[in-house]
Amino acid sequence: MLELKLLKNKAVNEIEAVYFITGEEILLMQRFIEALILKIAPGTMGDFNLTKFEGKDFRIESLLESCETLPVMAEKKIVIVKNPWFLESKGGSLDKREEDKIKQYLQNPSETTCLVVYCESKPDGRKNLTKLLKKIGKNVEFKRLKENELKKWIKAEFEKRNKKIADKAIIELIKSFDYLNKNASQSLFDISNEIEKLTALIGNKTEITEEIVRKCSVYSFQNDVFLLIDSLSKRRADETQIRFQKLLADGEPAMKIIAFLRNQFKTMLRVKEMDQQGYPASKIATKLKQHPFSIQNSLKHSANFEEKKLISLLNSFNQLDRHLKSGKMDATANIELLITEICA
């Protein structure tokens with residue numbers, strides 16, 4: 001957040017020649033890049049001074065040619081490289097000729113180009129290009145926010161929307177998310193979505209109270225199910241049963257819980273298969289049309305199961321769903337039994 005504030009006060013000629021952007025908070029990463037674009041390539045000529053590359057869908061020659069081309073009627077141009085495959089641990093490597101060309105450019109970058117390399121998944125720190133980018137580029141890392149930072153961020157997000165939120169309401173909102181835990185499964189994207197919903201919900205009112213957050217937050221079901229899956233993947237039977245009972249006590253239908261679990265285990269299986277085929281997380285996210293953070297969670301959870309076990313569990317969820325729809329089984333009792341079997 002500090003980096004974004006500093007950027008807004010910089011003149012265009014003070015913008016770095018190379019930025020290397022990493023971290024867990026993709027929302028903050030994207031906002032920083034948007035601010036860079038607005039600073040360097042605004043207005044009607046912006047499209048002429050902005051070039052984007054992503055993943056494997058570009059040639060190194062095209063990237064370097066773009067970096068070395070002069071801007072059009074502007075001080076600088078901006079070239080953005082999103083999730084370059086050659087920085088990922090399972091992405092493979094460039095041939096020596098291509099890698100040398102990139103190294104040569106990084107060591108003497110164009111003064112009229114701002115090259116932005118950013119990775120939504122953690123780059124492989126062992127690779128020479130990763131090391132060189134860290135050494136030469138302006139390193140900007142967007143880590144997960146600590147509690148005090150998160151409170152300030154939430155307050156600022158509401159202020160941007162001309163709303164106020166009480167301190168107790170901020171605490172209540174944070175409590176409804178799995179964000180501050182060590183192995184948190186949610187990001188600022190999730191909290192931002194909830195802020196948008198709360199803002200729309202109060203309409204012309206200006207202040208959000210603790211009561212409004214408590215009554216109107218609709219994220220609790222998804223949050224609770226993700227926590228259930230997390231404990232299930234770690235074979236914590238008692239914790240998983242408690243989380244399941246909490247969902248039922250909150251009035252969530254057993255059929256809805258089963259459908260959500262089935263879909264999540266289906267995703268975990270597909271993610272595991274693609275991971276074993278060598279696909280990096282960013283490519284998996286693109287192919288499955290899901291957010292990279294969700295894919296990272298699925299990878300983490302699927303690592304606790306063998307592929308055969310995931311197939312077996314998915315079949316069990318499908319079979320359970322069919323039997324419940326036909327009225328042949330008691331939903332609650334059979335989910336409890338399935339949880340016991342998984343955690344055994």
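The values are calculated or read from the model by the stated rules, or taken from the named source; none is laboratory data. These figures come from a predicted structure and were not determined experimentally. Methodologically, a virtual Cβ is constructed for each residue, glycine included, from the backbone with ideal geometry; neighbour enumeration extends over all protein chains shown.
Descriptive notes on the structure:
- Checked against the criterion of being surrounded by 19 or more Cβ atoms within 10 Å (Cβ to Cβ) and either assigned by TED's automatic domain parsing to the domain that holds residue 94 or part of a strand (DSSP E or B) (or both), segment 54-61 has no qualifying residue.
- Taking segment 11-29 as the range and being in a loop (DSSP other than H, G, I, E, B) and in contact with a Lys or Arg (Cβ under 7 Å, 6 or more places away or on another chain) as the test, the residues that pass are 15, 16, 24, 25.
- Highlighted here are the helices (runs of 4 or more DSSP H) found entirely within segment 150-229 that include at least 1 residues which are at pLDDT 90 or above and among the acidic types (Asp, Glu): 167-175.
- Meets criteria (under 27 Å from the mean Cα position of the chain (by Cα) and at pLDDT 90 or above) for residue 272: yes
- Residue within segment 156-171 that is out of contact with any strand residue (DSSP E or B) (no Cβ under 9 Å at 6 or more places or on another chain), closer than 30 Å to residue 285 by Cβ, surrounded by fewer than 15 Cβ atoms within 10 Å (Cβ to Cβ) and without any contact (Cβ under 8 Å) to a residue 24 or more places away in the chain present: yes
- Residue check, residue 214 in contact with a helix residue (DSSP H, G or I) (Cβ under 7 Å, 6 or more places away or on another chain), surrounded by fewer than 18 Cβ atoms within 10 Å (Cβ to Cβ), at positive phi and in contact (Cβ under 8 Å) with a residue 12 or more places away in the chain: no
- Number of the condition not met by residue 32 [criteria: (1) outside any helix (DSSP H, G or I); (2) surrounded by 18 or more Cβ atoms within 10 Å (Cβ to Cβ); (3) of a type outside the set (Gly, Ala, Ser)]: (1)
- Qualifying residue in segment 83-91 (condition: at positive phi, in a loop (DSSP other than H, G, I, E, B), of a type outside the set (Ser, Thr, Tyr) and at pLDDT 90 or above): yes
So that you can scan it fast, the table gives a plain yes or no per residue for (1) under 28 Å from the mean Cα position of the chain (by Cα); (2) assigned to a helix (DSSP H, G or I); (3) aliphatic (A, V, I, L, M); (4) at positive phi:
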| position | (1), (2), (3), (4) |
| --- | --- |
| 47 | yes, yes, no, no |
| 72 | no, no, yes, no |
| 78 | yes, no, yes, no |
| 122 | yes, no, no, no |
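- Hey, residue 284 β-branched (Val, Ile, Thr) and at pLDDT 85 or above or not: yes
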